[in-house]
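Below is one structure, written out as structure tokens; comments come after it.
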2 protein chains.
Amino acid sequence: MSQGIACPKFLTDRKGGCSLLFARHCFPWDDEFMSKPETPIQKKNRSAIMNAGLEVFSKFGFRGSTLDQIALESGLSKPNILYYFKSKEVIYTTLLGELLTDWLKPVRDIDPDGDPIAEILGYAAHKMEMSQNYPRQSRLYANEIIQGAPRISNVLTSELHEVVDKFAQLIKSWSKKGLIRDVDPHHLIFSIWAMTQHYADFDFQVRAVLGHDDPFPKGEKHVEDMLRQMLTV
Amino acid sequence: MSQGIACPKFLTDRKGGCSLLFARHCFPWDDEFMSKPETPIQKKNRSAIMNAGLEVFSKFGFRGSTLDQIALESGLSKPNILYYFKSKEVIYTTLLGELLTDWLKPVRDIDPDGDPIAEILGYAAHKMEMSQNYPRQSRLYANEIIQGAPRISNVLTSELHEVVDKFAQLIKSWSKKGLIRDVDPHHLIFSIWAMTQHYADFDFQVRAVLGHDDPFPKGEKHVEDMLRQMLTV
DNA sequence: CCATGTTTTGACCAACTGGTAAAATCACGC
DNA sequence: GCGTGATTTTACCAGTTGGTCAAAACATGG
């Protein structure tokens with residue numbers, strides 16, 4: 001409920017996002033009732049802001065980013081941005097929410113009845129593609145974790161923890177059946193994350209060291225090779 | 001040469017650091033001549049500032065960190081900090097300089113005549129220890145690379161590139177002699193960096209997912225296992 | 001073309017930012 | 001215990017920051 005301000009009574013209820021995060025975009029006057037669909041203008045401007053926010057936050061983290069930068073990048077004025085999102089923080093957490101959804105899904109989608117090596121390699125390949133196609137998301141996430149995950153620690157210790165434990169159990173069961181080598185499942189998962197996200201987060205270093213090559217084709221092959229060696233009995 | 005200001009004519013010439021970075025600590029009045037040894041007070045305060053700077057910059061990056069935070073963390077006043085380092089930027093680049101030195105050295109120290117697998121595993125173990133004992137340095141570096149390495153891109157494309165190429169050649173030669181599997185040397189190096197630094201940069205996530213265990217003993221074993229599988233013919 | 005709600009803007013604010021200048025305090029060899 | 005240089009503090013500044021507000025401009029269906 002808002003005071004004095006122009007107050008369209010709707011709410012954009014695109015509830016996707018990780019459950020623990022209010023990944024719903026917010027208007028200042030949002031309340032829980034009465035929603036209207038987005039107008040084209042809203043859609044356009046919100047996505048421009050999301051894109052600009054991603055661009056800026058993924059580089060400089062929350063503290064290092066400014067609304068002015070986001071305004072410049074999105075082509076909107078600062079007050080106009082605050083018309084669509086009630087604060088810098090909301091832009092940031094909205095981005096994080098969408099990101100977490102995208103990241104948790106493929107872990108959940110692993111098929112316990114599939115071929116173990118194919119499933120694990122498939123997951124790694126998927127993460128690699130995300131590093132290639134959405135490097136900014138990866139960097140945004142890295143930034144948030146590096147500074148201690150102040151806004152998502154609850155997600156890490158609940159949903160992520162849970163989903164990873166389930167995956168780890170699955171891996172363990174595959175090992176026990178002799179379908180893959182006996183590996184530490186949690187640390188296997190960490191090394192998949194590490195190797196794949198490295199190509200997004202350290203993209204600049206990778207390219208600087210490599211010269212002019214596109215790192216991805218060879219990188220993907222290498223990661224696959226590495227995991228196959230690790231997992232094949 | 002400085003104007004008007006109290007002007008002790010010395011310079012702390014601890015030239016360590018990566019050649020391309022002025023890793024020398026700076027007094028505002030530093031000039032290239034006439035150096036005096038550090039007084040105990042200087043030593044204490046500088047190292048307090050370095051430590052506080054590392055603490056803050058490694059979390060929030062350059063843009064996201066403030067002199068006030070560093071002042072608070074170090075227990076010195078803001079102007080007093082600027083008495084020892086002439087700007088925020090100098091604190092930051094000094095830290096980066098020291099860090100790059102520490103990181104380049106172990107790559108250079110790899111023995112071409114040693115046992116290939118022992119050398120590579122030894123390097124990985126060393127990086128793992130650095131992640132365990134100096135996680136803030138790792139995060140500082142990650143922060144810098146993520147935002148595009150604006151202050152060290154020249155080091156990446158020259159010294160790092162060079163040193164890595166040499167290491168890669170060595171690995172290639174080991175492969176050719178049949179001492180290790182045929183692997184992509186550059187991407188092998190990347191995966192070593194990725195897996196080891198992950199335990200520092202994503203420490204928070206690792207611990208959140210794992211619960212209360214210390215991740216390092218098992219992590220180190222896992223990485224060793226992984227590399228051994230990858231390299232053994 | 002009018003009315004209503006939507007979108008955008010310009011002016012503004014208090015808090016914070018990196019940094020300066022000069023005075024005040026301190027440490028220590030003589 | 002004095003003097004000199006080293007260190008620290010106090011007061012300050014101009015620019016930036018996230019955010020507010022009311023007014024203006026716009027869109028659109030009737």
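Going by what's in this entry, would B:E55 be described as more than 12 Å from DNA strand C (Cβ to nearest atom), more than 14 Å from chain A (Cβ to nearest Cβ) and in contact (Cβ under 8 Å) with a residue 12 or more places away in the chain?
Judged against the criteria, B:E55 is not a match.
Candidates in the stretch B:78-87 are the residues that are over 11 Å from B:N45 (Cα atoms) and over 25 Å from the mean Cα position of the chain (by Cα); of these, the one that is farthest from DNA strand C (Cβ to nearest atom) is B:K78. Just one of (1) in a loop (DSSP other than H, G, I, E, B); (2) in contact with a Phe, Trp or Tyr (Cβ under 7 Å, 6 or more places away or on another chain) fails for B:K86. It is (2).
Restricting B:L72, B:L95 to residues that are closer than 19 Å to B:R136 by Cα and exposed (fewer than 15 other Cβ atoms within 10 Å of the Cβ) narrows the list to B:L72.
In this structure, does B:F10 turn out to be modelled with pLDDT under 50, near DNA strand D (Cβ under 9 Å from one of its atoms) and aromatic (F, W, Y)? So B:F10 passes the test. Is it the case, given these coordinates, that A:S58 is under 21 Å from the mean Cα position of the chain (by Cα) and not acidic (D, E)? Yes; evaluated as a whole, the condition is true for this residue. Yes or no: the stretch B:91-107 includes at least one residue that is within 16 Å of DNA strand D (Cβ to nearest atom) and on the phi < 0 side of the Ramachandran plot. Scanning the stretch B:91-107, I find at least one residue that is within 16 Å of DNA strand D (Cβ to nearest atom) and on the phi < 0 side of the Ramachandran plot, so the answer is yes.
The values are calculated or read from the model by the stated rules, or taken from the named source; none is laboratory data. Worth saying up front: this structure is predicted, and the values here are computed from it rather than measured. Glycine gets a Cβ as well: all are built from the backbone with ideal geometry, and neighbour counts include every protein chain shown.
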